[in-house]
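Trainee: My questions all concern the structure below.
All of the numbers you see were taken from the coordinates with simple rules; none came from a lab. Keep in mind it's a predicted model, so treat the numbers as computed, not measured. Note that we place each Cβ from the backbone using ideal geometry, even for glycine, and neighbour counts take in every protein chain shown.
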Amino acid sequence: MTNYRRTYVPGATWFFTINLAERRSRLLVDRVDELRQALRYVRTRHPFQIDAMVVLPDHLHAIWTLPPGDSDYPLRWRLFKTWLSRHVPQGEPRRASLVDKSERGIWQRRYWEHLIRNEADLHSHIDYIHFNPVKHVHVLRTVDWPHSTFHRYVAKGILSADWGIALGRDVGFGERT
């Protein structure tokens, strides 16, 4: 088995991308209430702050800040994936290896994590998260996507409701060009 190298920095802020195994699935938005319950379940046991998040049909992006002295984000994601897997109906295709291990076939096994380095990096990734529904052409205006912390940023006056309107170009938030 491959031993993945991950960075562990207690109390750090992290950007994550979590994908479903079936990239044409709509499970995450169809089961967004269960997804929220999974987050509540994990946060009550292992607290963390959600700085930004967007849930798309087949993947999600999140920025979490862990408490001082705590660097165990893999535990939190494992609990999240496990809780949600147990609370959504079965029926997804599974390879024999998953059946042998009594595992569901909902999630890609791995996920992407990025340690946020500074304020500019944080803001770039927040913008990337909020613009993602437009980037994937789910909506033309960021404000029209319901499953995003963008609405919290608008309510607090940090962003305006007309931020992130598709202008026919990729602005490359959070990505290297």
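Trainee: In what sequence, highest mean first, do 127-136, 80-89 appear when ranked by Cβ atoms within 10 angstrom?
Mentor: Details: 127-136: 21.9, 80-89: 16.2.
Packing proxy ranking, top to bottom: 127-136, 80-89.
Trainee: Same structure again: So how far apart, in nm, are the two label points at Q37 and R141 if each is 7 Å from Cα heading toward Cβ?
Mentor: Placing both labels 7 Å beyond Cα along the Cβ direction yields 3.3 nm.
Trainee: If you don't mind, there's one more thing I want to ask. Hey, what's the Kirkwood Rh for the range 1-73 if you take every pair of different alpha carbons, in angstrom? Don't jump to the answer; show the numbers that get you there.
Mentor: Values: mean 1/r = 0.0738 Å⁻¹.
Taking every pair of different Cα atoms in the range 1-73, averaging 1/r and inverting gives 13.5 Å.
Trainee: Right, here's the next one. Counting only Cα atoms, I'd like the Rg/Rh figure for the range 44-85, Kirkwood definition for Rh. Mind showing how you got there, number by number?
Mentor: On the way: Rg = 11.0 Å, Rh = 11.4 Å.
My calculation puts Rg/Rh at 0.97.
Trainee: Given R₀ = 35 Å, what would the calculated FRET efficiency be for H123 paired with H87, taking r from the Cβ atoms and rounding to 0.05?
Mentor: Details: r = 34 Å, r/R0 = 0.97.
My answer for the efficiency is 0.55.
Trainee: Using the per-residue mean of other Cβ atoms lying within 10 Å as a proxy for protection, in what order, highest first, do the peptides 6-18, 144-156 fall?
Mentor: Highest mean packing first, the order is 144-156, 6-18.
Trainee: R110: net charge of surrounding residues, Cβ under 13 Å, Lys/Arg +1, Asp/Glu -1, itself excluded? Don't skip to the end; give the middle numbers.
Mentor: Numbers: positive: R5, R6, R78, K81, R109; negative: E113.
Within the 13 Å Cβ shell, the charges total +4.
Trainee: Just report the Cα centroid separation between the range 1-71 and the range 107-153, whole Å.
Mentor: 12 Å
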